[in-house]
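Visitor: The following block contains the structure, expressed as C-alpha cells.
The values are calculated or read from the model by the stated rules, or taken from the named source; none is laboratory data. Since the model is a prediction, treat every value here as computed from it, not as a measurement. Glycine gets a Cβ as well: all are built from the backbone with ideal geometry, and neighbour counts include every protein chain shown. Each accessible area value is taken on the protein alone, full model and side chains, heavy atoms only, with ligands, DNA and RNA left out. Shrake-Rupley method; radii C 1.70, N 1.55, O 1.52, S 1.80 Å.
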Amino acid sequence: MALTPPPEAADFTFTLADALDIPVRVRSDGDLAKWDRRQAPKAAQPWPATDALPADGEFLATTTWRQLVTAATSAGRDLAPWLRKTPAFAVNELIARVAPLQAYLTLKDFKAPSGAAGRRLFVNAVYRHGTERSAHAAFGYHLGMTMAQWLTVGMAGLPATVHLEACGIPELVDPTKKLPDLYGNHAVEALPWLIEAKARKSLGVGDMRDGQWQLDQATAEIAVPHRQVLCGTVLPEPGRWEDDHLVMMVHTALVGPSPVGGVPSLPDPPSDGGEPSLDETPDDLLSVARDQLLVFRALAFGAVQDLRVVPLAGMGAGTGGPSRRKSAVRPLERDAGTRDLRARVLAEGVPYERIRQEQDLAVREFVVGRIPGIGLHMGLSRGLYAACARLHQMQTEIPAEDPLFPAAPLLVQRGADEEREEMSREARRTFYEREDERLVTVRREMADAYRTQEVPAGLLRGVPLVVERPEARGGVLEARTAETYMAVELTDPIMSGHR
C-alpha cells in the first residue's frame, strides 16, 4: 500500500489529488511516553520507501486517502462463517468499515516541507458536537484498527493482517486473556508480527502501557522469535480540535522465544501473491482469496452499482518503485502501461480485442462495482474472482447446524456480550475445522479457476467491458494491486474542500 514513485523518477513530488501527511513517531527503546503535541506537527523526515519499519525517529508519512480507505476495508472481524449464508450483507460490512472515516474526519491544509502533501487529517464538527461518548469510543476503536492496518501493511511491508481471534490457536484465543488485535508474517524479516492498535482522544502513556501489556500476554505463549508492534493513534483533546491533527505513535520490539511458550508458529495470513503465479502456489492463492472474499461477495451478491469489467495493464516496471510487493497499492496516475492501453483504445481507435491478443502487452481484466452510499469502487481480477467463487461455493456446502448458528432464543436468554463473544469464537473454530476437511480438493479447483478465469453461471453474466479514462466517471481517483482495483470519487466527503 505504500505510495512510491516510478523507478525513473529522480525528483518525485506528490501531485495526487488526495495526498495527505501523517506524522509518525517510531521508537524501539521501550519508552512509552506521549509524543508532545507541540513537537508532533514539526516532524519533517520523509517515511523511507522500504518494506520494513524504519529506525527510530519522527517521520512525516505522505500517503493518500485511497490508501487509508483501502486499509479501512481490510480492518474488520472475520465474518465468513455467517456471510456464506447471507453474502449480500458483504456490502453492509464494507459500508460499516468506510463510512465512519467519511463521517468524522476532514482534510485541512497544513504547512509542510517541500515534497509533502501539505494537508492533514482533523476531526470534524460532526465528531466534535454531534456524537456521544460511546460513539467517540466506537470510532476510536475502528480508527485505531484502520491506522494499524495502514501503517503495518501500507507502510512497513507486512503482506496482510489477520485478527488474532481467527488464528485457531487455543492459547491465543483464550477469552479469559486480554490479547492483542492482529498478527501477520513479515516476508522480508521472516518473522511473525503481533500488533495491538490503540486510538482515542488524548491517547497517552497509560493507554500505551495497556497495549504493551496485551502484547506481552501473547508473547508469553509464543515459542519463536517475533516482533511486537504497538500502534497508537492520537485524536485531539477537547479544546484542541481546531488546532491538532491526527498523529501516530509506533512502539516496536524484537522479542525472543518465550521459555514457557507452547505456540511454535502463527498460521500464514493472506500473502501478497509473490512469484510464481498464484495458480502455481495454491496456498498463496487460498490466502489471497480469503483476504478478498468480502469484496467478492459484495460484487457477486450485494446491491452494488455499475458492475463492469475494467481492463488494466499488467504489473510491470511502469507501476513499480522501491516496493516490489504485489500487494502494494499503487495509484493509477503512475501506471504508464494502463495509461498507454487507454490511449490506444480511446485516442488511436485500436480495437481492445487486438490489444488483448498482443503478446508484448499483458492485460488484466478486473470485475468492478460501486459500493452504494460511500462512493467506493472495488474490484478483483477475473482470475481471483473465479477462485473466490469456488471458495465461496465450498463454504456454502459446509453444514450449518449448531453451534455455528445458534437459535435466536438462546442468544436472548444468554444475553451478555462476553457470552456472545464466546459463541462467536466457537462458531469460527467449528467452521474452519469443517472447512479444513475440504481444502485439499478445493485448493486444486481454485487454482484451475484462477488459471481459466471461469466463473459459475449467474455470478458474472452480461457485465459490460469498459475502457475509459477517470474523467468519464467524474474524475475518480484509481488505485490497484496485482489482483485488486479500487477508486474513490471526488464527491467523497473527505475531498469536499479540495475538489
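Visitor: I'd like the FRET efficiency for ARG425 and ALA457, computed as 1/(1 + (r/R0)^6) with the beta carbon distance as r and R0 of 41 Å, rounded to 0.05. All intermediate terms of the calculation are to be shown ahead of the outcome.
Guide: Working: r = 37 Å, r/R0 = 0.89.
The value I calculate is 0.65.
Visitor: Which residue, chosen from TRP150, ALA138, ALA117, occupies the Cα position most advanced towards the positive end of the dipole of segment 76-172, where the dipole is computed from +1 (Lys, Arg) and -1 (Asp, Glu) charges on Cβ about the Cα centre?
Guide: Result: ALA117, furthest along the dipole toward the positive end.
Visitor: With a 1.4 Å probe and all protein chains in place, put SER114, SER202, SER134 in order of accessible area, largest first.
Guide: Largest accessible area first, the list is SER114, SER134, SER202.
Visitor: Moving on. Using a 1.4 Å probe, how large is the accessible area of PHE301, given in Å² and rounded to the nearest 10?
Guide: Approximately 70 Å² of PHE301 is accessible to the 1.4 Å probe.
Visitor: At 1.4 Å probe size, with every protein chain present, just tell me what the per residue accessible area of segment 176-307 comes to in Å².
Guide: 39 Å²
Visitor: Check VAL363: other-chain or 5+ apart residues with amide H under 5 Å from its amide H, H built from backbone geometry?
Guide: GLY314
Visitor: What distance in nm separates the two pseudo spin-label positions at ASP36 and ALA135, each 7 Å out from Cα along the beta-carbon direction?
Guide: Computed distance between label sites ASP36 and ALA135 equals 3.6 nm.
Visitor: Taking amide H positions as placed 1.01 Å from N in the peptide plane, with prolines and chain starts having none, which residues 5 or more places from ALA199, or on another chain, fall under 5 Å of its amide H?
Guide: THR233
Visitor: Let me ask something additional. Give the accessible area for ASP291 in Å² (nearest 10); use a 1.4 Å probe, count only protein heavy atoms, and leave out ligands, DNA and RNA.
Guide: Using a 1.4 Å probe on the heavy atoms, I get roughly 60 Å².
Visitor: Under the classification rounded if a/c is under 1.5, otherwise prolate if a/b is larger than b/c and oblate if not, where does segment 84-193 fall, given a ≥ b ≥ c as square roots of the Cα gyration tensor eigenvalues?
Guide: Taking the square roots of the gyration eigenvalues as a ≥ b ≥ c, segment 84-193 is oblate.
Visitor: Between SER287, GLY474, GLY337, whose Cα lies farthest towards the positive end of the dipole of the chain when Lys and Arg beta carbons carry +1 and Asp and Glu beta carbons carry -1, centred on the Cα centre?
Guide: Highest projection toward the positive end goes to GLY474.
Visitor: Express the relative contact order of the chain as a whole percentage, based on alpha carbon pairs under 8 Å and six or more residues apart in sequence. Before the final figure, lay out the partial values.
Guide: Values: 960 pairs, mean separation 90.0, N = 499.
Once normalised by length, the contact order is 18 percent.
Visitor: Counting other C-beta atoms within 10 Å, and keeping those with at most 11, which DSSP coil GluC sites (Glu not before Pro) do you find in segment 425-482?
Guide: Passing both the DSSP loop test and the Cβ count: GLU437.
Visitor: Roughly what % of Cα-Cα distances in the chain sit above 35 Å, to the whole percent? Mind showing how you got there, number by number?
Guide: On the way: 39523 of 124251 pairs.
For the chain, the fraction of Cα-Cα distances above 35 Å is 32 percent.
Visitor: From the square roots a ≥ b ≥ c of the eigenvalues of the alpha-carbon gyration tensor of segment 40-132, which class results: rounded (a/c under 1.5), prolate (a/b over b/c), or oblate? Present the calculation step by step, with values, prior to reporting the outcome.
Guide: Numbers: a/c = 3.04, a/b = 1.59, b/c = 1.91.
The shape class here is oblate.
Visitor: Also: Averaging over all projection directions, find the projected area of the Cα convex hull of segment 167-268 and quote it in nm² with one decimal place.
Guide: Computed as one quarter of the Cα hull surface, the answer is 7.5 nm².
Visitor: If each residue of separation counts as 0.36 nm, what is the full-extension length gain between ALA223 and GLN45 once their alpha-carbon separation is subtracted?
Guide: That pair, ALA223 and GLN45, stretches by 60.4 nm at full extension.
Visitor: I'd like to verify something in the chain: which complete DSSP H helices, judged by Cα projection on the helix axis, reach 18 Å or more and average at least -0.5 on the Kyte-Doolittle scale? Let's see the in-between values first.
Guide: Numbers: long enough: 90-104 (22 Å, 0.65); 133-149 (24 Å, -0.02); 205-219 (20 Å, -1.08); 282-301 (26 Å, 0.65); 382-396 (21 Å, -0.28); 417-436 (28 Å, -2.51); 439-452 (19 Å, -0.39).
Helix filter hits for the chain: 90-104, 133-149, 282-301, 382-396, 439-452.
Visitor: Calculate what fraction, in whole %, of the accessible area of the chain sits on carbon and sulfur atoms when a 1.4 Å probe is rolled over the protein chains.
Guide: 52 percent
Visitor: Still on this structure, I have one more. Given the alpha-carbon gyration tensor of segment 16-76, what are the semi-axes of its equivalent ellipsoid in whole angstrom, ordered largest first, with each equal to the square root of 5 times an eigenvalue?
Guide: Numbers: eigenvalues 98, 43, 33 Å².
In descending order the semi-axes read 22, 15, 13 Å.
Visitor: When the Karplus curve 6.51 cos²θ - 1.76 cosθ + 1.60 is applied with θ = phi - 60°, which whole-Hz ³J(HN,Hα) does each residue of segment 251-261 get, with x for Gly and Pro?
Guide: These are the phi-based 3J(HN,Hα) values: 10, 9, 7, 8, 10, x, x, 6, x, 10, x Hz.
Visitor: Next question, about the same structure. So for the chain, taking the charge dipole from beta-carbon charges (+1 Lys/Arg, -1 Asp/Glu), which of TYR450, PRO257, TRP47 sits furthest toward the positive end?
Guide: Of TYR450, PRO257, TRP47, it is TRP47.
Visitor: Follow-up question, since we're still on this one. Just how large is the dipole of the chain about the Cα centre, in debye to the nearest 20, putting +1 at every Lys and Arg Cβ and -1 at every Asp and Glu Cβ?
Guide: 1220 debye
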